[in-house]
Amino acid sequence: MRFSITTRLVVLLFCYAALGAPRSAAQSQTFHVQGTVTDFNEGVIPEAKVSFHSDQMTKAVTTNAEGVYEADLDLGVYSMTVQSPHFHLFHRPAFRVTSPMRITFNATLLVAGSCDVTVSNSSGTPPTQDELDGAVRLFCAREESFPVPSADGVPFELYVHYGNRTAVNGSYAYTSQKLLAPQVFVAYNLFSLLADNVVYDAAHRTLEASGHVVVIRETAAAERADSISLKVENGEAIPLR
């Protein structure tokens, strides 16, 4: 009889370990993301649709009356969009989370205005949809992205939203403009910054930001500076000085 009770106890412990451990492990393979959606006057935007996209799924949540959203996601690589009527689409490029954590992605939406774009090319053929979309992004939404390959193949991008833009020999200078972009916004993986002026050297993947610079590493406190120089690579924004 003692042998039977002991055997049953061992079997019960084995089943608990076999069935309980995977559930606990699965619960730990998520991260929590939260943030506030506002307009450029810092007014909150309720009922904005916040979506996270990966190769496997899309998850959408809605901001509450205070403009706040929250979501729990499986670890992995995602991009983020925020939509609300009468505002430009907010876009955040690919970011990767590899361990359970809490991150904050705030979003500032700009009022959408009318914008007519004419695209022509030297061949005289009608522009493609990609060419039209690119022109709208540059001249209406005033945003653009640059691929930043990583050593392990994650398709990171450097995203810039700006007021004005000039480009010379692979160097891109961005400035703010009160109504179109109160400050230049740059996002890269779990890093972002705001500044009055930003210069990006695409060949060397370096950033020079100046004028009321706010550096936001989403897992740490924000930093303020008059200017900063950074190199972006492998998901990191590395200070150069």
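Every number here is computed from the coordinates shown, using simple stated rules; none is lab data. Fair warning: this is a prediction, and the values are worked out from it, not measured in the lab. Quick reminder, even Gly has a Cβ in these numbers, built from the backbone with ideal geometry, and neighbours come from all protein chains shown.
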Given Cα pairs under 8 Å that are at least 6 residues apart, what percent is the relative contact order of segment 152-226?
-> 23 percent
Find how much the distance from T30 to T128 grows on full extension, using 0.36 nm per residue of separation minus their present alpha carbon separation; answer in nm with one decimal.
-> 31.3 nm
Ordering of 87-94, 36-43, 146-153 by burial proxy (mean other Cβ atoms within 10 Å per residue, highest first) | 87-94, 36-43, 146-153
Can you give the FRET efficiency for D226 and D55, using 1/(1 + (r/R0)^6), R0 = 30 Å, r = Cβ-Cβ distance, to the nearest 0.05?
-> 0.15
At a Cα cut-off below 23 Å, give the lysines reachable from K49, other chains included and same-chain residues fewer than 8 away excluded.
-> K59
List the residues whose amide H sits under 5 Å from the amide H of L190, counting only those 5 or more places along or on another chain, with H placed 1.01 Å from N in the peptide plane.
-> R96
Based on the Cβ-Cβ distance of L240 and L89, what FRET efficiency does E = 1/(1 + (r/R0)^6) give at R0 = 22 Å, to the nearest 0.05?
-> 0.10
Report the far tail of the P(r) of segment 30-111, meaning the percent of Cα-Cα pairs longer than 16 Å.
-> 47 percent
